[in-house]
There are 2 protein chains.
Amino acid sequence: MTYATRLAAVRDSLKQQGLDAFIVPHDDEHLGEYIPPHAERLDWISGFNGSAGAAVVLADKAAIFVDGRYTVQVRHQCDPALFEFRHLVNEPFLDWIAEQLNAGSRVGFDPKLHSRGWHQAAEARLAEQGIALVPLAQNPIDRHWHDRPAPERRPALLLDQEYSGQHSEAKRHRIAETLKAKGVDAQLLTQAEPINWLLNIRGRDIPCLPAVLSFALLHQNGAVQLFADPAKFDELDLAGHCGKDVTLAPMAELEQALATLGANGARVQLDPATANAWSALVLERAGAELVPAEDPCMLPKACKNPVEVHGSRAAHLRDAVAVCRFLAWLDRRLAEPHPELEDEGTLADRLEAFRAELPEFVEPSFSTISALGPNAAMCHYRHSNGTPRQLGQDAIYLVDSGGQYLDGTTDITRTVAVGEPGAEMRKLFTLVLRGHIDLACARFPAGTGGLQLDALARLPLWQQGYNFDHGTGHGVGHFLSVHEGPQRISPKGSMVPLTTGMILSNEPGYYREDAFGIRCENLEVVQPADTDGDIPVFEFENLTWVPFDRRLVDPAWFEPKHVQWLNHYHAQVREKVGPLLAGNDLAWLEQATRPL
Amino acid sequence: MTYATRLAAVRDSLKQQGLDAFIVPHDDEHLGEYIPPHAERLDWISGFNGSAGAAVVLADKAAIFVDGRYTVQVRHQCDPALFEFRHLVNEPFLDWIAEQLNAGSRVGFDPKLHSRGWHQAAEARLAEQGIALVPLAQNPIDRHWHDRPAPERRPALLLDQEYSGQHSEAKRHRIAETLKAKGVDAQLLTQAEPINWLLNIRGRDIPCLPAVLSFALLHQNGAVQLFADPAKFDELDLAGHCGKDVTLAPMAELEQALATLGANGARVQLDPATANAWSALVLERAGAELVPAEDPCMLPKACKNPVEVHGSRAAHLRDAVAVCRFLAWLDRRLAEPHPELEDEGTLADRLEAFRAELPEFVEPSFSTISALGPNAAMCHYRHSNGTPRQLGQDAIYLVDSGGQYLDGTTDITRTVAVGEPGAEMRKLFTLVLRGHIDLACARFPAGTGGLQLDALARLPLWQQGYNFDHGTGHGVGHFLSVHEGPQRISPKGSMVPLTTGMILSNEPGYYREDAFGIRCENLEVVQPADTDGDIPVFEFENLTWVPFDRRLVDPAWFEPKHVQWLNHYHAQVREKVGPLLAGNDLAWLEQATRPL
């Protein structure tokens, strides 16, 4: 089927239902960050396979909306004869719809693929123009998508308490108490991560996110109804693992369960930002009272318990072995003939192969960003979207990668010399690393949000008239999503107080278009600090142990404390990772961690 | 009249009007930070004279609500037999009213003394409990307050363009353009500061705030109707100063002007946070369409023009002479017999006397905080509220003061040795000063809000387990209020971007209850910085030139850059202020600015 044929088929469906438009978001019904291949409806209709965006199909035209990361890619992947290209943020698609359609028009949408909050705001926005927003019972794309991939059916995994550190029963009852206190009968959970955390289960439904796609209802008494593909639990004793008050049913039975709650007039809490509009509509129509609130699993999930922190330390140490072996191999490879036989793709594969040798490794935690020279100036570069660039022509290489391990999730970026970096590159690398160090050393009192700390990582760049256009740090899950909230260190960021057990990245960078890119990233866990002062303060405990490239440091741009920090860090790397390396790799580590 | 009699009189009035409660806020009808003596209704009913608070009078009881600054003071000033003491923030008075009264009750309030935004929110809050909020045509306190002071009638001042830097016509037309663009017919201005800024007028209506209390309507064509006491302009040519399209009428005529706008169906913009509820009610009843928006004068007023910045530099240099002479005198006085003959009050008076000798000095910009030893641990200490503490028993003294000059407003805090400060005090002074220096040195790109920079001033304290419980910096007006928005450097603070011409204080501190207090404060103006980088960045230009007490610095708690900064600052102080001092004072300056 060509994209023209696909558009025509969807337009036919719209016409039959008396609709003037249909909205195709990137999301699936769980509204998480990652979606499985069978949910790539935006790709099916348009050919665009980025991680965010939306299309709007009208009777006579269509438009695709993507953000700044994807304005080049969308032009490569989509036919301009079929789609107008628009900016997702600067030209909201609801405004475009309102411009294109007259009062009295009807806009269809699949309520499973949009949040409750979006539905309410969008309905109000279009109503201003006299346009109706119509939830559809079936997605017209699903009707026409005949070669759709089958959903993943690999079995789930019951995560041992040795890894999770807390039994599901304790987690469920702790949150159920908060529901009871608010007079809420049940909490609807719709995202994979909180459900997998709550039940100490994991899965392989989506690449890089080791979770079982599912919905769940957590009742006031702590019981959970889990809605997921039962085949994934065929060989597993879910009730034995979680407790008998956790029951499993196919996803198709969620609707009936919501209707039953509604029929009993239950007060059901859901997060309007993440729960899909469909579930809210089903509940409301059945008579439930909706209680909007943030998902109560998110904060306890973010605050790792001591067993999870212990596991993260161990996972990061193993991960350091893979990254050090890769960097050692890279330096050796550069000294051999024909480095141009390696490219961004073979480098990424080599790094993944080192990780794959490690015990408890499950899969990468995201698609490796392996970027040479000017490609590194694109923060979200993917070598697989074009011809990978070859070694041998650039001065520096940026590699941002991570692993999912049974005991933790890693995420590390190193920028290393692969040629002859000049003074300007070394200056900027040193300023970026200095910002990383200043944030890593920060202590802060209870109540401090990431927004308040973000400037620490930027200040060395700001002082010289530079900046970077992304957040400084994101939350990281425990053998779950490499991106999690609510904690975040960013100028747009969150005022959620940073507290014990939260894992965050510390990743300032610098990007010069068409020239080069730099990023220095470790993960850190928030811990209480020991001081002689009046008030308790927190500090960051470092988790990542891989040398920063000394060849890129120009000490003229450091203060003495940064030199001390780096030398101390490298001494710790040598002490921790040295015993796990041998031969050439150990020799590499020893020279890479020499004091400045 | 005793307070019991006053309460009884107000209760009689309530009964006659069928009211169950009456709310007495601290504010006057302009809802600014300062109020004149004839508007001190909260003091009249309760005896409490702090700068914020509210009382609620019921038929059989009353309560007074104050914030953390005033919990001690209110117990000294108010009779517990007449008033319950409650916390303004933790126990909102609307919640207390809702607890005390039954559904069907009627709560009276003076709509001139509450904002439009408060009225809307309070009405909704009380309606939840079935309680009606009733705007009163006359304030019952005014009916019974027989010995009420007369309003200030000192003449206004027409501020020359030599000081203001921009003619009123230019200011008015610039803002009128923004109204026209939004289809707004008129802007209602209700606070003294924006009106005085817009018309380049000043006055003496309130101590420390050199403004004429007034209301104004700015029309789409740039014309202004000013509502103020015409007697204050008797000898002045307002139209000649501002332009013929600025007309003056008594405040009592505001109601008719609002009604006329309403009758014409005008769209009238006002700031619900600062415009009183009465003006909104008058407009609405008359048929106007209200457009809620932030006061459009606030941002241009905050961004001082080059003439205002030039004036501020000059005012600060003169002010430095007064503060240096005071500190020099203090050191000499301490070396003389009987220092205990001086107390916090005589010290404050002496400092004010030095300022009063200066050209272009008008008045203090706020009541001097002159605090010895443990008194300095109270951030808003006023020596006039009790017996001033005497010199001779404490190690350090904190003095926070400022002046209103025709060419600018100053605000400076110095903490100085008046005894034998120990290692702990010197450590904490050095950490506070280090935070001051780190913030003073910061550069930042366009779009950076004060909230993002606040941590810089706290980090040296945070690292050692200390903090301070107030904002780091407030905006400062130009020969206007020493506190202005929208700029602010604070953890609760504003994301309004800091930009060229904004003047801010930089005043980290440390307070140890019952022991001592430290604060280091200079004013700074935001300016573009010169770098070799990619992007424009701003920096702070220092305005305040008075030595920080070297005797309190323990260099062990500084990094080399802080020593350099302080030595450089002191060299500049010597260079700038030295030529303005003589004799003993100059000798003092020379030793006070020696390199560390």
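The values are calculated or read from the model by the stated rules, or taken from the named source; none is laboratory data. Since the model is a prediction, treat every value here as computed from it, not as a measurement. Heads up, the Cβs are rebuilt from the backbone with ideal geometry, glycines too, and the neighbour counts pull from every protein chain shown. Note: areas computed on protein heavy atoms with side chains; ligands, DNA, RNA excluded. Shrake-Rupley method; radii C 1.70, N 1.55, O 1.52, S 1.80 Å.
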- Message: Report every pair of residues separated by at least 6 positions or lying on different chains whose Cβ atoms are under 9 Å apart, first residue within the stretch A:145-156 and on the phi < 0 side of the Ramachandran plot, second outside any loop (DSSP other than H, G, I, E, B) and among the aromatic types (Phe, Trp, Tyr).
- Response: A:TRP145/A:TRP44; A:ARG148/A:TRP44; A:PRO155/A:PHE233; A:ALA156/A:PHE233
- Hey, any hits in the stretch B:420-433 for a residue that's farther than 24 Å from B:ILE503 by Cβ, in a loop (DSSP other than H, G, I, E, B), at the interface with chain A (Cβ under 10 Å from one of its Cβ atoms) and open to solvent by 10 Å² or more (accessible area, probe 1.4 Å)? no
- Give the residue that is nearest to the other protein chains (Cβ to nearest Cβ), with candidates limited to residues of the stretch A:487-497 that are touching a His at 6+ places or on another chain (Cβ under 9 Å) and buried (at least 19 other Cβ atoms within 10 Å of the Cβ). A:ILE489
- Test result for A:THR190, over 21 Å from A:ALA315 (Cα atoms), in contact (Cβ under 8 Å) with a residue 24 or more places away in the chain and under 25 Å from the mean Cα position of the chain (by Cα): yes
- Message: Criterion first (over 28 Å from A:LEU543 (Cα atoms), of a type outside the set (S, T, N, Q) and in a helix (DSSP H, G or I)) does A:GLU352 satisfy it?
- Response: no
- Given the conditions (1) touching a residue at least 60 places away in the same chain (Cβ under 8 Å); (2) open to solvent by 10 Å² or more (accessible area, probe 1.4 Å); (3) of a type in the set (D, E, K, R), report the number of the one that B:LYS244 does not fulfil. (1)
- Query: Which of the residues spanning the stretch B:7-26 are part of a loop (DSSP other than H, G, I, E, B) and surrounded by fewer than 19 Cβ atoms within 10 Å (Cβ to Cβ)?
  - Reply: B:GLN17, B:GLY18
- Note on the structure: Here the residues within the stretch A:564-596 that are closer than 16 Å to A:PHE326 by Cα, among the aliphatic types (A, V, I, L, M) and part of a helix (DSSP H, G or I) are A:VAL573, A:VAL577, A:LEU580, A:LEU586, A:ALA587, A:LEU589, A:ALA592
- Kindly check whether there is at least one residue in the stretch B:42-65 that is basic (Lys, Arg), part of a helix (DSSP H, G or I) and open to solvent by 10 Å² or more (accessible area, probe 1.4 Å). no
- Message: Just to be sure before I move on: is A:ASP549 without any contact (Cβ under 8 Å) to a residue 40 or more places away in the chain and open to solvent by 10 Å² or more (accessible area, probe 1.4 Å) in the structure I sent?
- Response: no
- Item | Residues that are in a helix (DSSP H, G or I) and more than 27 Å from B:ALA150 (Cα to Cα), drawn from the stretch B:229-279 | B:ALA239, B:GLY240, B:HIS241, B:CYS242, B:ALA259, B:THR260, B:LEU261, B:GLY262, B:ALA263
- Before we move on, is B:GLU524 open to solvent by 40 Å² or more (accessible area, probe 1.4 Å), away from every other protein chain (no Cβ under 14 Å) and either in contact with a Phe, Trp or Tyr (Cβ under 7 Å, 6 or more places away or on another chain) or assigned to a strand (DSSP E or B) (or both)? no
- For A:LEU498, which of the numbered conditions (1) in contact with a Cys (Cβ under 6 Å, 6 or more places away or on another chain); (2) under 21 Å from B:LEU459 (Cα atoms) fails to hold? (1)
- If you check B:LEU270 against the conditions, is it within 22 Å of the chain's Cα centre (by Cα) and buried (at least 23 other Cβ atoms within 10 Å of the Cβ)? yes
- Message: Looking at B:ALA288, B:ALA302, B:ALA275, B:ALA231, can you tell me which residue is surrounded by 19 or more Cβ atoms within 10 Å (Cβ to Cβ), farther than 30 Å from B:GLY475 by Cα and not polar (S, T, N, Q)?
- Response: B:ALA288
- Task: Go through A:ASP530, A:ASP534, A:ASP554 for me and flag whichever is surrounded by fewer than 21 Cβ atoms within 10 Å (Cβ to Cβ), in contact (Cβ under 8 Å) with a residue 60 or more places away in the chain and either in contact with a Leu (Cβ under 8 Å, 6 or more places away or on another chain) or assigned by TED's automatic domain parsing to the domain that holds A:TYR381 (or both).
- Result: A:ASP554
- Note on the structure: Of the residues in the stretch B:498-520, those that are within 14 Å of another protein chain (Cβ to nearest Cβ), outside any loop (DSSP other than H, G, I, E, B) and farther than 22 Å from B:ALA376 by Cα number 0
- Message: If I ask for residues that are within 22 Å of A:VAL476 (Cα to Cα) and either touching a helix residue (DSSP H, G or I) at 6+ places or on another chain (Cβ under 7 Å) or part of a loop (DSSP other than H, G, I, E, B) (or both), which ones from the stretch A:363-377 would you list?
- Response: A:PRO364, A:SER365, A:PHE366, A:SER367, A:THR368, A:SER370
- Per-region count, the stretch B:87-101, residues open to solvent by less than 30 Å² (accessible area, probe 1.4 Å) and in a loop (DSSP other than H, G, I, E, B): 1
- How about the stretch A:257-267: which of its residues are open to solvent by 40 Å² or more (accessible area, probe 1.4 Å) and closer than 21 Å to A:GLU177 by Cα? A:ASN264, A:GLY265, A:ARG267
- Task: State the number of residues belonging to the stretch A:185-228 that are within 22 Å of A:THR409 (Cβ to Cβ), charged (D, E, K, R) and crowded, with 20+ Cβ neighbours inside 10 Å.
- Result: 3
- Item | Verdict on B:LEU589 being open to solvent by 10 Å² or more (accessible area, probe 1.4 Å), away from chain A (no Cβ under 13 Å) and not charged (D, E, K, R) | no
- Out of the residues in the stretch A:76-117 that are modelled with pLDDT of 95 or more and among the polar types (S, T, N, Q), which is nearest to the chain's Cα centre (by Cα)? A:SER115
- Query: Does the stretch B:434-452 contain any residue that is more than 14 Å from every other protein chain (Cβ to nearest Cβ), touching a helix residue (DSSP H, G or I) at 6+ places or on another chain (Cβ under 9 Å) and crowded, with 24+ Cβ neighbours inside 10 Å?
  - Reply: yes
- Where residues in the stretch A:460-486 are surrounded by fewer than 23 Cβ atoms within 10 Å (Cβ to Cβ) and over 21 Å from the mean Cα position of the chain (by Cα), which of them is nearest to the other protein chains (Cβ to nearest Cβ)? A:GLY465
- What do you reckon, is B:SER164 more than 30 Å from B:ASN264 (Cβ to Cβ), in the same structural domain as B:ALA257 (by TED's automatic domain parsing) and either at pLDDT 95 or above or not acidic (Asp, Glu) (or both)? yes
- Message: Given the criteria within 23 Å of A:GLY47 (Cα to Cα) and in contact with a strand residue (DSSP E or B) (Cβ under 7 Å, 6 or more places away or on another chain), does A:LEU88 qualify?
- Response: yes
